[in-house]
Each structure stands twice: as C-alpha cells, then as structure tokens.
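The values are calculated or read from the model by the stated rules, or taken from the named source; none is laboratory data. All of these numbers come straight from a predicted model, not from anything done at the bench. Here Cβ is always computed from backbone atoms with ideal geometry, including for glycine, and neighbour counts include all displayed protein chains. Surface areas here come from the heavy atoms of the whole protein model, side chains and all, with no ligands, DNA or RNA. Shrake-Rupley method; radii C 1.70, N 1.55, O 1.52, S 1.80 Å.
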Amino acid sequence: MNILNLGAGGFIGSHLTQRLLAEGHSVTAVDLWTDKVSEFLDHPHLTFIQQDIRNPEWSIDPFVERADLVIDLIAYANPGLYIRMPLEVFRLNFLENLKIAEACVRRHKRLVQFSTCEVYGRTAASLKHANLADPEDPIHATFTEDESEFILGPVDRHRWIYACSKQLLERVLHAHGLDSGFNYTIIRPFNFIGPKIDFLQSEQEGIPRVFSFFMDALFNGTPMQLVDGGAQRRCYTYIDDAIECTYRIVENPGGVCDRQIFNVGSPYNEVSIRQLAETMREIYAADFRVPGIPLPEIVTVSGETFYGKGYDDSDRRIPNITKVRRLLGWEPEWQFRDMLKATMSYYVHEYPRSRPAAKSS
Ligand code: NAD
Ligand code: UGA
C-alpha cells in the first residue's frame, strides 16, 4: 500500500514507519522533525516531508489523493502542554486534525486516527459523590470502547481540553461514517512506553512525559518528583506490542476494523506512579548506576506546582481489550519490568552525554 503517515517523526510514528517499511509498504511521512527516523531516512520506499501541517501555503490534499491509507498521529501529546497552551492544543488536536479527516472524507480514503484513553477521563470511583460498593474494584476503572461513560473535569481544569478535543474529533468521524459511510478506525492508546518516547529535559527545553523526567533524575541524582503523591495509576504498554496491534489495524483483515474504536493497551501492567518511580530506581541501581552518583530520593510535589494552574489528572484507567482480542487476535506480551528495563537501556546507551561521569571517591 501507499501509506500517508502523519506525525511519523514522533514516538509512535517513528516505530510505526519502521514497521510499515519492513512490511514492504511505501510510506509518505510528514512531521516537523526527522531525528527519530534518521536511521531510515534514505530508505527507497520512504518519502519524508518535513512540514508544519498548519502552514497555510501547504496542502495535504494531493498527498491524501495519492494514498491508499492515511494514518494520523499528529497532536500535542504531553500533559505539560495542555496546561501551558490549551488553545494551541485545541487548534492542532481538533481543528488541524479535522482538516485531515475532511480531506479523507472528500477523497474516500480510509483513516486510522490516533485518539487517546484520556477520552474516558476520570473513573466514577473518583467522584466525591460516587457511592460505589467498592471503589477499589477494578471494574470501576476498566474502560470499554462502546459502553463506558466519559467523565471529564470542570472547564477551569484545562488539562481536559486535550481529552475533549480528541473526543470531539472521534464524534465527528463517527458522524461522517453515518453521513457518507466514511471509513475510519480510531485507536485509543493506553500509555505506550519504549525507546524514543521523549527527549530528556537536561538535553532539551520542554515538558516530556513521566518516564523522561524520572530518567533524567536517575542520571543526575536529582529528586524523582511524584505529582500529588503518585497514587494515580497507569497501565503501561510496550511500544512493540502497540505497533503489532496497530499494524493489524492497518491490515484490517476482512474489514473488521471499519468504523471501529479500539483500546490498545495492556490491562496486565497497571501500576501507581509511585511504583513506576520505585521500580525504575531499583532497575537503575541494579543495572545502570554510575558509581559515585547518588540514587535520587523520591519526593512529592503538587500538580499545580509541577505543571501550573489548571492541572488535573486521570486517577486510573484500565483497557478492556476484548474487542481487539476478538477481532484481531492481539494480546500484549511485554511485562512491566521488562519494558522498563528495555526502555531504560535505550536511554543509557543513547544519551551518554546526559550522564555525569563516574566519581572516583
Ligand atoms: P509525539 O509527540 O511523539 O508525536 C506527535 C508527532 O506530531 C511529533 O513528532 C510532532 O513533531 C508531530 N507534530 C506536531 N505538530 C505538528 C505539526 N504542526 N506539523 C507536523 N507534525 C507535527 O506523540 P506520540 O506519543 O507519538 O503520540 C502520537 C499520537 O498518539 C498522538 O495523537 C497522541 O495524542 C496519541 N496518544 C499517544 C499516547 C502514548 O502513550 N504515547 C497515549 C495516548 C494518545
Ligand atoms: C499520557 C501520555 O503520557 C500522553 O502522552 C498521552 O497523550 C496521554 O497519556 C494520553 O493517554 O493521551 P499521562 O499518563 O497523564 O498522559 O502523562 P505522563 O506524563 O506520562 O504522566 C503520568 C503520571 O505521572 C501523571 O499522573 C503525572 O502527574 C505524573 N508525573 C509526571 C509525576 O508524578 N512526575 C513527573 O515527573 C511527571
């Protein structure tokens, strides 16, 4: 197939581009940056277009026209950005993505749209007025694509503008499906992790995701900060498992993914952020520690201090993967410790400059 891969230079996009090329597809990749795809930039079946899709002088239409399939990964995807620039998050994640979707509708092209597990928002168990028999019961935190309610916080917690923009885009795709039979598949990722997830703050300005904050702290012996105590939980999914699932969605055997929404995540790897910090520190101490550099302490910081006013958080989110298992036979294989070790090993080897040299005393 000729595949138009938008956001191909990002964390998921770079791994997906590699897989698509390995499977023999021709890929037209669009992104602002090339660093994560540098090793296969001269692949004969890859055309890389370094472009800001917001550029009014540039049009996506001819690229959509030539594609058999469009994959859209473009978004501001780091929570720090939802707090710092909520309007830009809405503009890119909804308005710009809508233009891509409409180009696909006009040209009758199938679209694989990356959305987010954040559309589900908080759990019912987190609501103060909720009167649940057992709020700790995982049933209250397990989200199902076509059944679960969406619970987002108030408008002044502007973290939710990300979830809301993604949710509205999903609803518009669904409406186009009803209106004209438009063919889309929506992916809701649950905390993918792996090599190339993000930059390190010691190397580049900005606000990466939690893994990179903790990795930087381990490299430099500075505190690992738990936002609001670290009791919030996430289900971690290794990028190789995620790409395998995404590739099955791309292949779409017998059209089983037509106009479907899929949770893509591992229900088996649920941990609190405190457990994430502690496990990373244990692995680092055992396998990667530079002699003389102290292991970081683990401290608590408020969400408002860490991210700024308007921060709020998902308390817990576990994917129900019955649908993806049934339709595509996909099952995540990677265990939490192994995926952390593999990701940390990549950062240790790729970012030697970020690691202070060993101290002799
Ligand atoms: P990422 O930030 O690594 O990738 C996004 C890519 O989009 C980046 O390479 C960025 O340069 C590109 N981009 C942004 N603005 C652009 C513009 N104006 N023009 C061209 N390119 C632009 O994020 P990711 O983790 O790879 O996520 C990919 C998608 O999956 C996003 O839509 C995100 O919301 C969604 N998602 C990811 C996760 C996860 O666990 N990684 C979880 C939920 C949802
Ligand atoms: C995650 C992904 O990281 C986003 O890229 C993705 O877009 C989003 O899910 C999504 O599903 O769409 P989140 O898990 O909240 O968002 O973001 P992380 O930065 O990975 O933070 C995880 C948790 O760790 C949050 O509760 C955050 O407050 C906390 N955290 C973050 C810390 O305790 N310490 C830090 O140094 C950084």
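Based on the Cβ-Cβ distance from L295 to F199, what FRET efficiency comes out when R0 is 30 Å, to the nearest 0.05? Don't skip to the answer; put the middle values down first.
Working: r = 23 Å, r/R0 = 0.76.
So the FRET efficiency works out to roughly 0.85.
Pull up the DSSP beta bridges for the chain and report the antiparallel fraction as a percent, rounded to 5. Don't skip to the answer; put the middle values down first.
Working: 3 of 39 bridges.
Expressed as a percentage, antiparallel bridges in the chain total about 10.
For a test of the definition: using alpha carbon positions, the gyration tensor, and the 1.5 limit on a/c, classify region 192-272 as rounded, prolate or oblate. Don't skip to the end; give the middle numbers.
Working: a/c = 3.22, a/b = 2.05, b/c = 1.57.
Prolate shape, in that a/c is at least 1.5 and a/b is the bigger ratio.
Based on the Cβ-Cβ distance from D68 to T144, what FRET efficiency comes out when R0 is 30 Å, to the nearest 0.05? Could you put the intermediate results ahead of the total?
Numbers: r = 31 Å, r/R0 = 1.03.
The pair D68/T144 has a calculated efficiency of 0.45.
Please report Rg (one decimal) and Dmax (integer) in Å for the Cα set of region 1-131.
Gyration radius and largest Cα-Cα distance of region 1-131: 16.6, 59 Å.
Rounded to the nearest 500, what is the chain's calculated 222 nm mean residue ellipticity when only DSSP H runs of at least 4 contribute -39500 (n - 2.57) each, over all residues? If you can, show how the numbers build up before the last one.
Working: 12 runs with 123 residues, N = 361.
Mean residue ellipticity, 222 nm, calculated: -10000 deg cm²/dmol.
Tell me, what is the per residue accessible area of region 218-333 in Å², probe radius 1.4 Å? Can you show the working numbers first?
On the way: 4540 Å² over 116 residues.
I get 39 Å² per residue for this part.
What accessible area per residue, rounded to a whole number of Å², is obtained for region 55-153 using a probe radius of 1.4 Å?
Values: 4810 Å² over 99 residues.
Computed with neighbouring chains in place, this is 49 Å² per residue.
Does region 79-125 come out rounded, prolate or oblate, given a ≥ b ≥ c as the square roots of the eigenvalues of its C-alpha gyration tensor, rounded meaning a/c under 1.5 and, failing that, prolate meaning a/b above b/c?
oblate
What nm value, rounded to one decimal, do you get for the distance between A286 and D338 when each label is placed 7 Å out toward the C-beta?
Between A286 and D338, the simple spin-label model gives 1.4 nm.
Using a/c under 1.5 as the rounded threshold, could you call region 121-234 rounded, prolate or oblate? The axes a ≥ b ≥ c are square roots of the C-alpha gyration tensor eigenvalues, and prolate needs a/b larger than b/c, oblate otherwise. It would help to have the intermediate numbers written out before the result.
Numbers: a/c = 2.29, a/b = 1.35, b/c = 1.69.
Taking the square roots of the gyration eigenvalues as a ≥ b ≥ c, region 121-234 is oblate.
What is the packing order of peptides 28-41, 154-167, taking the mean over residues of other C-beta atoms within 10 Å and listing the highest first?
Values: 28-41: 17.0, 154-167: 20.0.
Those peptides, ordered most packed to least, come out 154-167, 28-41.
Taking the radius of gyration and the Kirkwood hydrodynamic radius from Cα positions alone, what is the Rg/Rh ratio for region 288-340, to two decimal places?
Numbers: Rg = 18.8 Å, Rh = 16.1 Å.
That ratio equals 1.17.
Give the peptides 208-216, 179-187 in descending order of average Cβ contacts within 10 Å, highest first.
Working: 208-216: 21.6, 179-187: 18.8.
Order by mean packing, descending: 208-216, 179-187.
Please list, short to long, the whole-number percent of alpha-carbon pairs of the chain in consecutive 20 angstrom bins beginning at zero.
Histogram of Cα-Cα distances, whole percents per bin: 29, 60, 12, 0.
In the chain, with Lys and Arg counted as +1 and Asp and Glu as -1 at Cβ, which of these residues, N55, P356, V70, has the Cα nearest the positive end of the dipole, that is, farthest along it?
Going by the Cα projections, it comes out as P356.
Rounded to whole Å, give me the distance from the Cα center of region 234-262 to that of region 19-62.
Comparing the Cα centres of region 234-262 and region 19-62, I get a distance of 21 Å.
Which helices pass in the chain if a helix is a full DSSP H run, must span at least 27 angstrom along its long axis by Cα, and must have mean Kyte-Doolittle hydropathy not below -0.5?
On the way: long enough: 160-180 (30 Å, 0.02).
Helix filter hits for the chain: 160-180.
When the accessible area of the chain is computed with all protein chains present and a 1.4 Å probe, what percentage of it is carbon and sulfur? It would help to have the intermediate numbers written out before the result.
On the way: 7950 of 15980 Å².
About 50 percent, which is the carbon plus sulfur part of the accessible surface.
Give the aspartates and glutamates whose C-alpha is closer than 14 Å to that of K36, dropping any in the same chain fewer than 8 places away, or say none.
D198, E350
Per 0.36 nm of contour for each residue apart, how much would the distance between R326 and R91 grow if the chain were fully extended, relative to their Cα-Cα spacing? All intermediate terms of the calculation are to be shown ahead of the outcome.
Numbers: separation 235, 0.36 × 235 = 84.60 nm, distance 3.55 nm.
Net length gain for the segment: 81.0 nm.
Would you kindly state how much longer the chain becomes between R171 and E304 on full extension, computed as 0.36 nm times their sequence separation minus their alpha carbon distance, in nm to one decimal? Kindly include the intermediate steps, with their values, before the conclusion.
Working: separation 133, 0.36 × 133 = 47.88 nm, distance 3.09 nm.
Additional length available on full extension: 44.8 nm.
Which links in K166/K309; K128/K166; K196/K341 stretch past 18 Å when you go from one Cα to the other?
K166/K309; K128/K166
Between Y268 and Q51, what is the FRET efficiency for a Förster distance of 30 Å, r being their Cβ-Cβ separation, to the nearest 0.05?
Values: r = 39 Å, r/R0 = 1.29.
In this case the efficiency is close to 0.20.
Under 9 Å from the Cβ of R54, count the other residues' Cβ atoms, weight Lys and Arg +1, Asp and Glu -1, and hand me the total.
Its environment carries a net charge of -1.
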